[in-house]
Amino acid sequence: MNSSNVAYKANVGKRGNRGPNLDRSEEEGGVLQIASGKFFGDGERWEFEAKGILYSNMRWVGPIETRAGTLEPVDTAGSEAFSYVLSYVNRMEKDAAGPVVRVGDEEIVEQFGWLGMVWFGASFDGDKQGIVVNCREKRIHAGDEYVGSRFAKPYLLPERRITEEDARGFARFVDRVIGLPRDDYLAVMSFLRTMAHALTVLRHNLDLAYSMLVYALEALSKGRGGYLARWEDYDPEVRKRLDPILDGLEGETSDAVRAALLNSAHLKLQQQFLDFVVSHLSDAFYEREAEGVDRPVRPSELDRALKNAYRARSDYVHVLKPLIHQLRSQGIAEAEVFVWENKPYLTFNGLLRVARAVLLDFVDTRPYLEEEE
């Protein structure tokens, strides 16, 4: 059937139908999973064969087949950006009457690109010029401070080479993402959207890009695990000033004041963020995956580095306080950690590697559902 004459059913999003609600305010970011058909059971479906174009800094010579579609290289000899065709099937239930509208093709291509971004450590964009500008090797004018090939390796290198093992692993990764429970899937898509936008924003505003990565991790952590605050988790500089005062009070009064301070929502959110990130970083993150990384973060300094990143995000969001200026240096940016006044700070490169490792482990450890109501 000609896809141009057939469109999606208008009532698929109505409550009570077996398909998921397609209200864009509720389901933004979830079209790729819907198109897989996992929500439709044995019912009849509309199926539309479609193609989309993606440009990338990733060089690869063969097709990569996945559950969501097949990525085929078209031009891998381009001097500015490599082009790919994504062939996929857009699916929708067929068991309702009334006029229908076909939707989702643009989002499917975009979301597939996000999955490729985080798995391959590369950039994907429907706009060729976006790849050319973001994946530049040198400054293009005097005010061009944040060259992606220095600040966001390997995502914004002029050329990102992958292996056969990477390609096979991507097919497994896409299947795992499609199999996630709906709420987890939407959380992952929100994370990837923010990560992709952070890479784009980087060339204009490092402070905002850095804050967006922290926010993406924080959003993914929310509601995942109950945290009971301890006095040791309180800001050590503030705690150092408070302890002598509180120790001079009666025991019950001192404990009550500490308990009130620990009830701070900010402290709970920060510690939930820290616990979540640390719990999703395996030994391989510090060992095998750290090979070839310039000054990788050590387990002993990760907690302090994450707290500094979280504080930097809060300072920027609330009072537009910029990052410490050393993190803007191209030389320092290529390392993963920078120590200043005995405090470890994650660079944008370091935060990127943390974010990717957490996301991949999150996907790998969540339940897998072949079908879902």
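Numbers below:
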| quantity | calculated |
| --- | --- |
| Some residue of the range 103-115 being loosely packed, with under 14 Cβ neighbours inside 10 Å and under 22 Å from V177 (Cβ atoms) | yes |
| Residue selected from the range 66-92 under the condition closer than 16 Å to S123 by Cα and among the hydrophobic types (A, V, I, L, M, F, W, C), by the criterion surrounded by the most Cβ atoms within 10 Å (Cβ to Cβ) | L71 |
| Candidates A142, A171, A122 - the one that is touching a Ser or Thr at 6+ places or on another chain (Cβ under 8 Å), of a type in the set (A, V, I, L, M), assigned by TED's automatic domain parsing to the domain that holds W60 and surrounded by fewer than 20 Cβ atoms within 10 Å (Cβ to Cβ) | A171 |
| Residue count, the range 125-143 (criterion: part of a loop (DSSP other than H, G, I, E, B) and more than 20 Å from A335 (Cα to Cα)) | 6 |
| Every residue from the range 328-358 that is touching a residue at least 40 places away in the same chain (Cβ under 8 Å) and farther than 30 Å from K138 by Cβ | V358 |
| Only listed residue being among the small types (G, A, S) and without any contact (Cβ under 8 Å) to a residue 40 or more places away in the chain, chosen from S149, S83 | S149 |
| Helices (runs of 4 or more DSSP H) lying entirely in the range 258-373 (those with 1 or more residues that are at pLDDT below 95 and within 22 Å of the chain's Cα centre (by Cα)) | 265-279, 299-319, 330-333 |
| Selected residue (criterion: modelled with the lowest pLDDT) from residues of the range 205-230 that are closer than 16 Å to V317 by Cβ and not in a helix (DSSP H, G or I) | K222 |
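The values are calculated or read from the model by the stated rules, or taken from the named source; none is laboratory data. What you are looking at is a predicted structure, and each value in this text was computed from that prediction instead of being measured. FYI the Cβ positions are ideal-geometry reconstructions off the backbone, even for glycines, and counts take in every protein chain you see.
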